[in-house]
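Structure first, commentary second.
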Amino acid sequence: LDVTAMGAVKPRRVLAREGAKPGDSIYVSGCVGASYAGYLSRRRAGATPPEAAPGLEGQPTGDRALDECAARFLQPDQRVLLWLLLGRNCVASSCVDLSDGLGDAVRQVTGASGVGAEIDGDAIPVPEAARRWFEEQEGLDALEAAVSGGEDYELLFTVPARRRRALASVLPLTGGLPCTRIGTITADRSLVLTRRGAKAALPAGFTHFR
């Protein structure tokens, strides 16, 4: 299935991957990893008989938080309003969605902009239910799974220091959607993930046709 969308937008209101500059702050909307945890939980439920898989086909599991993760996977919430507000108010210097994971989104922005990034892993908003599922059910590092997983459909965007006040003025118009500062754009083109004071390479996101 191919879909082609055509339209017009004023040049100064375009949100593109390129445009990030050293010193810009990196933000992410909502939370990261919930959809991937929901996908993994549904996949595991689908491997068992229907009568033993209460989480299949959208049926409740009894774990409300995990059910919310599954809902994020089955019925993602597109951040169209935030996207429009960032564009109309010239808040963001660059922007991309997280369909292929936060790690991929950072690579898309930095690659297009010719810059690097330092991401604060301790600041990345990963829901507790997702952390618990990654660690206890999948045996995965929760942060790495959240960064490399996809289907979140949140927005990753960069904001120059001079536009942070404008960002603060538009966020109340989103209806309470949280946006978290998770890092900084750097002149050095390396991609670094810092967690508990230690630095490592930023995990990659989903890679198509691999």
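From the phi angles alone, apply the Karplus equation (6.51, -1.76, 1.60; θ = phi - 60°) to region 32-40 and give each ³J(HN,Hα) in whole Hz, x where the residue is Gly or Pro.
Result, ordered by residue: 10, x, 5, 5, 5, 5, x, 4, 5 Hz.
Divide by every residue of the chain the summed helix terms, -39500 (n - 2.57) for each DSSP H run of at least 4, and state the resulting mean residue ellipticity at 222 nm, rounded to the nearest 500 deg cm²/dmol. Kindly include the intermediate steps, with their values, before the conclusion.
Values: 7 runs with 64 residues, N = 210.
Computed ellipticity for the chain at 222 nm equals -8500 deg cm²/dmol.
Measure nothing fancy, just the Cα-based angle from helix 64-74's long axis to the longest principal axis of the chain, in degrees from 0 to 90, nearest 10.
Once rounded, one gets 70 degrees.
Starting at the first residue of region 4-16, write each ³J(HN,Hα) from the Karplus equation 6.51 cos²θ - 1.76 cosθ + 1.60 with θ = phi - 60°, in whole Hz, x for Gly and Pro.
10, 10, 10, x, 9, 8, 5, x, 6, 9, 6, 9, 10
Over region 74-210, what is the mean sequence separation of C-alpha contacts under 8 Å (at least six apart), divided by residue count, expressed as relative contact order in percent? Spell out each step's value before the answer.
Values: 207 pairs, mean separation 56.3, N = 137.
Reported relative contact order: 41 percent.
Can you give the accessible area per residue of the chain, in Å², using a 1.4 Å probe?
Numbers: 11340 Å² over 210 residues.
Spelled out: the 1.4 Å probe surface of the chain, per residue, equals 54 Å².
When each pair of different Cα atoms in region 150-210 is counted once in the 1/r mean, what is the Kirkwood radius in angstroms, to one decimal?
Over region 150-210, the inverse of the mean reciprocal pair distance is 14.7 Å.
Taking the Cα centre of the chain as origin, sum charge times position over the Cβ atoms of Lys and Arg (+1) and Asp and Glu (-1), and report the length of that vector in debye to the nearest 20. Before the final figure, lay out each step's value.
Details: 25 positive and 25 negative charges, 242 e Å.
Dipole about the Cα centre, nearest 20: 1160 debye.
Which order, highest average first, do 1-13, 107-119 follow once you tally other Cβ atoms within 10 Å for each residue and take the mean per peptide? Mind showing how you got there, number by number?
On the way: 1-13: 5.5, 107-119: 20.0.
Packing proxy ranking, top to bottom: 107-119, 1-13.
Within a Cβ distance under 13 Å of VAL126, other residues only, what is the Lys/Arg minus Asp/Glu net charge?
Details: positive: ARG72, ARG131, ARG132, ARG195; negative: ASP120, ASP122, GLU128, GLU135, ASP141, GLU144, ASP152, GLU154.
So the environment of VAL126 carries a net charge of -4.
Report ³J(HN,Hα) in whole Hz for each residue of region 122-135, in order, from the Karplus equation J = 6.51 cos²θ - 1.76 cosθ + 1.60 where θ = phi - 60°; Gly and Pro get x.
Couplings: 6, 9, 5, x, 10, x, 4, 4, 5, 4, 4, 5, 4, 7 Hz.
Looking at the calculated P(r) for region 82-136, what percent of the C-alpha pair distances fall above 20 Å? Could the numbers behind the result be given before it?
Values: 623 of 1485 pairs.
Of all Cα-Cα pairs in region 82-136, 42 percent lie more than 20 Å apart.
With 26 Å as the cut-off, how large is the P(r) tail for the chain, expressed as percent of Cα-Cα pairs?
Working: 8075 of 21945 pairs.
The answer is 37 percent, as a whole percent.
Could you pull out every residue, at least 5 positions away or on a different chain, whose amide H is within less than 5 Å of the one on ALA20? Hs are placed 1.01 Å off N in the peptide plane, and Pro or chain starts have none.
Correct list: empty.
Ignoring ligands, DNA and RNA, what percent of the accessible area of region 128-210 is carbon or sulfur (1.4 Å)?
On the way: 2380 of 4650 Å².
Its accessible area is 51 percent carbon and sulfur atoms.
If a/c stays under 1.5 just call it rounded; otherwise compare a/b with b/c (prolate if a/b is bigger, oblate if not). Do that for region 107-210, with a ≥ b ≥ c from the square roots of the Cα gyration tensor eigenvalues. Write out the running numbers ahead of the final one.
On the way: a/c = 1.72, a/b = 1.24, b/c = 1.39.
Judged from the Cα gyration tensor, region 107-210 comes out oblate (a/c at least 1.5, b/c at or above a/b).
The values are calculated or read from the model by the stated rules, or taken from the named source; none is laboratory data. In this text, all values refer to a predicted model and were calculated from it rather than measured experimentally. Note that we place each Cβ from the backbone using ideal geometry, even for glycine, and neighbour counts take in every protein chain shown. All accessible areas refer to the heavy atoms of the entire protein, side chains included, with ligands and DNA or RNA removed. Shrake-Rupley method; radii C 1.70, N 1.55, O 1.52, S 1.80 Å.
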